[in-house]
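Reviewing the structure listed below.
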4 protein chains.
Amino acid sequence: MKFKVGCELNYEVSNDSTFILNICAVENEYQQVIDANLQIKPDRDLEEYIAPHTENSYLRLVIPKGKLEVSYQATVNLKHSVDNPDEISERLPSDIPLDIIHYLYPSRYCQSDRLMKLSQDEFGNCQPGYARVQAVCDWIYDKVTYISGSTDSHTSAYDTVTERAGVCRDFAHLGIAFCRALSIPARFVSAYAWQLQPPDFHACFEAYLGDKWYLFDPTRLAPREGLVRIGTGKDAADTAFATVFGAVQLNNMQVYIDCLDDKSLKTKDMAIANT
Amino acid sequence: MKFKVGCELNYEVSNDSTFILNICAVENEYQQVIDANLQIKPDRDLEEYIAPHTENSYLRLVIPKGKLEVSYQATVNLKHSVDNPDEISERLPSDIPLDIIHYLYPSRYCQSDRLMKLSQDEFGNCQPGYARVQAVCDWIYDKVTYISGSTDSHTSAYDTVTERAGVCRDFAHLGIAFCRALSIPARFVSAYAWQLQPPDFHACFEAYLGDKWYLFDPTRLAPREGLVRIGTGKDAADTAFATVFGAVQLNNMQVYIDCLDDKSLKTKDMAIANT
Amino acid sequence: MKFKVGCELNYEVSNDSTFILNICAVENEYQQVIDANLQIKPDRDLEEYIAPHTENSYLRLVIPKGKLEVSYQATVNLKHSVDNPDEISERLPSDIPLDIIHYLYPSRYCQSDRLMKLSQDEFGNCQPGYARVQAVCDWIYDKVTYISGSTDSHTSAYDTVTERAGVCRDFAHLGIAFCRALSIPARFVSAYAWQLQPPDFHACFEAYLGDKWYLFDPTRLAPREGLVRIGTGKDAADTAFATVFGAVQLNNMQVYIDCLDDKSLKTKDMAIANT
Amino acid sequence: MKFKVGCELNYEVSNDSTFILNICAVENEYQQVIDANLQIKPDRDLEEYIAPHTENSYLRLVIPKGKLEVSYQATVNLKHSVDNPDEISERLPSDIPLDIIHYLYPSRYCQSDRLMKLSQDEFGNCQPGYARVQAVCDWIYDKVTYISGSTDSHTSAYDTVTERAGVCRDFAHLGIAFCRALSIPARFVSAYAWQLQPPDFHACFEAYLGDKWYLFDPTRLAPREGLVRIGTGKDAADTAFATVFGAVQLNNMQVYIDCLDDKSLKTKDMAIANT
């Protein structure tokens, strides 16, 4: 599927500040960036770094006092691997590829080490494989309420599992924490999300099952087929759309995504991977 | 300097268990492993993975019910870069290499996002550079008491900064959290530590200053020149000497390190790097 | 029912220390202390304070360096109010006596303010009254595992609700937190507990329903009819069996309770109150 | 000194709700309520409860869907005990009156049990007595920044001691936690505060020294002589100006206080008690 995505960010900068932006669609085998355009006012040199493995694009800007306007736009073609959930099995710890085993370890917002017993109690008897991660997502969807503004940048899975409210990043963090506690590698995905209302940067997660990273979105707010990947990481700490060193204020942010071709989704109950 | 290092780990395994061990000295430009010997009883295939960038060695073993005896021994030659602390400056966020900028982000045990103001208040007026990180270490040494057994695997920098007691990993986590909150990249190092009493796996940290990762040990329990590196990571979550999936009990653990050549240290007040 | 209860506490005192002990059975309308004997070595003056409302007995001792031996023994007669659970209703916040409304407020170990949504989700649809509190206890019994030594004096309901392991005080704290979050007044009870194995000080809780404080014990480790009350409070902070100011070590502690008359219990499924 | 105090609270009530208000000036030996007027629209019966010991006035209202307007106004005469700080000593735990010893125990927002070592390290060498509590207040004033809206109803002393920002209740909670960790009884005070800008309900704390409860305000935002007491408790959990059971929205709140006589303060550096 082909999408047009983009964002506009307007900042007021109080003194010389360094921005690290992670807003560009990643380019990988399953996500082709057909064209992309980035405009920065004031016109400054920018430095780009593509992280190995994740392909995350980090842009660094150094901006003096004044205004900063960032405008990004891209056309992206997505390929999906669409699989039958019933055929997707879990890898045992004896069999998980060692280069991804670190996605089992706890991270800032996903304290899986503190959710071990709860995870076993709630999901230990689920059918192993895709169905177990789906059960995790259903649990979160059923028990956690999406409430805009209910959490902040310090909120973690350990909070959400009890307070039972949050936004997309909290849903993703809890899903990741549960999976890791179940010995299923899991990681955070930030994305442009088609049909998300209101439009915003979105967060979901991937679990490693069989031999792929499958997408899961416990918020159910947008179809997985319409997620244009921006960043992949252990949790939101790795994929903030903007990390700022300095005194700035975000005055306006707009995020958009349109589907450029056939808009029918036929894969609702299928497993979807695109990394 | 040349060291002989090693460890013996004896486990009782209650049912089929997967071990991921991170006990081998890393091999890199500054740390040459002259010879190494690893013995496992029962004799099982083991799988090794060397992580890119960190060179951490992860060994995976799948062990049936019964006993597991692991014995590792190596001879290691260390090279150090010894620099004048006064000449080591901080890199501004505008200038930190983008491939290490993720070492500024908070992690499971180093919630730098919650220590921002405290770090600025305590260290914001320190002389930038090596001296500032040294001030962080002095603060920790002065205010946190080393008490064996006072903390557990859930304890994080956010706890230690208030409870003021811990072991080497807690000291390192707090140092890392302060540095990141000060926009100084910092990471965790696990090591065999010469002269550490009683002998044990040790933990310290590195901060990126100038163009090197400099070693710091706020416990002051062992000379930095005698640290034979095992693992490097965002925090202890990445470098556990053993991650076990299954029901096992560690019955005995011995860790040792000897210096094989000139034992005099002439670099006490110098900055030391070896990555 | 009549019980003989007692305890022996042996301390090593490193320097002048003040002890505040809360080990004596309370005397109230429902719990008659027939005889009681307290012996202290060394022989020191002791000061007793009976708190109003709760009738808790606090004993203060000032002990010099050396040993302290405390021996307490009492014969106690218990009266119970035994009621039909089906007839015990909840009081609405508009109707709860104002002098106990503070038992709705969060306390150190019972952060009911953070469990509001979870409590509503889990118990909001239960039948109001005794049945709802029973559902809280069943939930705790089903989901939290009693593991000796799994928690410490800092552990609170906010931890236990996720970590799902603890000892009697953790079970009680979680029960209290849930009740308060449901607008049901609840409070902590420490007690000598007949048939508790191994013998120890026990903790359970009371919820205010109808016009009485009914006893609940989510551990199911001892019959409620055999609880000889020592202390009543907002949580364990109010009812520690010993609060010590100074450097001491508890070398030995023995707790015992025997039933002196008819040992048959006929009130297993009944609601029991004795305050 | 004589003050005129009052408040106006306007709520939108979505369904039948119970309010417990703690907005009236307490009446005690040191605070005489000369006249008081409370108006409620709609006109409903209200129930008042005066708590023993603290004299806190709790008003209960049951309000149907619609608007609630509360208007309170009182004239209050304050007497102060003004003492020389140098002559105010600490009571040892062996000597603290047993009926207030519970003010040494940790509470929801004042986790003194986790601040023991920090408190000793920071204040253990201070001169015992009033000077030590003054040192606590100076520490808080120096290190914690008053930032409106920086915290919420879950924020506790354990957070504030690290995050170093908060509002008056956070300042008070941290002061109380430090004092209790130092074995000095301490409690929370809510008040109308003369000269507070902008006008609002204020929070400070009292520490028990010598034989009185002395007032301390680490925010330094208002003179202690102008504090007209509303509530006294273990922490903010006991003294919320409004506890609401139901779905309501506070649309408007106004708080005011005027001094009706000689406005000169001559007791700036003195110790002040009025309970």
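Just a few scattered comments:
- Other residues whose C-beta falls under 14 angstrom from the C-beta of D:S14 contribute a net charge of 0, scoring Lys and Arg +1 and Asp and Glu -1.
- Sparse packing (at most 14 other Cβ atoms within 10 Å of the Cβ) combined with a DSSP loop state is found for the following trypsin sites (Lys or Arg not before Pro) in the stretch A:46-87: A:K65, A:K79.
- Computed over the stretch B:83-236, the P(r) curve from all C-alpha pair distances, binned at 5 Å from the origin, holds 2, 10, 21, 25, 23, 13, 6, 1, 0 percent per bin.
- The residues A:S190, A:S264, C:S119, B:S89, when put in order of fewest to most other Cβ atoms within 10 Å, stand as A:S264, B:S89, C:S119, A:S190.
- Look at A:I257, C:I147 and count the other Cβ atoms within 10 Å of each Cβ; fewest to most, that gives C:I147, A:I257.
- Measuring between alpha carbons in the structure, the pairs from A:K117/B:K67; D:K2/D:K234; C:K4/C:K65; C:K234/D:K41; B:K143/C:K234; A:K4/A:K263 lying more than 24 angstrom apart are A:K117/B:K67; D:K2/D:K234; C:K4/C:K65; C:K234/D:K41; B:K143/C:K234.
- Panel order for D:W194, B:W213, by other beta carbons found within 10 Å of each beta carbon, from fewest to most: B:W213, D:W194.
- The stretch C:70-116 versus the stretch A:14-35: alpha-carbon centroid distance in Å: 57
- Counting only Cα atoms, the size of chain A along its three principal axes is 57, 39, 35 Å, in decreasing order.
- Relative contact order (%) - criterion: Cα under 8 Å, at least six apart; region: the stretch B:83-236: 27
- Summary of the geometry: the stretch B:200-241 and the stretch C:121-163, compared by the centres of their Cα atoms, lie 41 Å apart.
- In Hz, Karplus ³J(HN,Hα) per residue of the stretch A:138-143 (6.51, -1.76, 1.60; θ = phi - 60°; x = Gly, Pro): 5, 4, 5, 4, 6, 9
- Rounded to the nearest 20 debye, the dipole size of the stretch B:83-236 about its Cα centre is 280 debye, using +1 on the Cβ of Lys and Arg and -1 on the Cβ of Asp and Glu.
- Antiparallel bridges, percent of DSSP beta bridges restricted to the protein assembly as shown (to nearest 5): 95
- Calculated mean residue ellipticity at 222 nm for the protein assembly as shown: -4500 deg cm²/dmol, from DSSP H runs with n ≥ 4 weighted as -39500 (n - 2.57), summed, divided by the residue count and rounded to 500.
- Top positive-direction residue, dipole computed over chain A with Cβ charges, set A:T275, A:S190, A:H53: A:S190
- Net charge contributed by nearby residues that have their C-beta within less than 13 Å of B:Q39 (K/R +1, D/E -1): -1
- Shortest-first nm distances, D:D45 label point to equivalent points in other copies (7 Å, Cα→Cβ): 5.2, 8.0, 8.1
- Label zone at C:D99, where the point sits 7 Å out along the Cα-to-Cβ direction: the stretch D:69-107 residues whose backbone N lies under 20 Å: D:99-100
- Summed residue charge, Cβ within 10 Å of A:S71's Cβ, Lys/Arg positive, Asp/Glu negative: -1
- Rounded to 10°, Cα long-axis angle of helix A:168-181 versus longest principal axis of chain A: 40
- Charge dipole of chain A about the Cα centre (unit charges at C-beta), most positive-ward option of A:V33, A:V228, A:N84: A:V228
- Cα centre as origin, Lys/Arg/Asp/Glu Cβ charges: chain D dipole, Debye: 300
A short reminder: the numbers here are calculations on the coordinates, not readings from a lab. A quick note: this is a predicted structure, and the numbers were derived from the prediction, not measured. In this analysis, Cβ positions are derived from the backbone assuming ideal geometry, glycine residues included, and neighbour counts consider all displayed protein chains.
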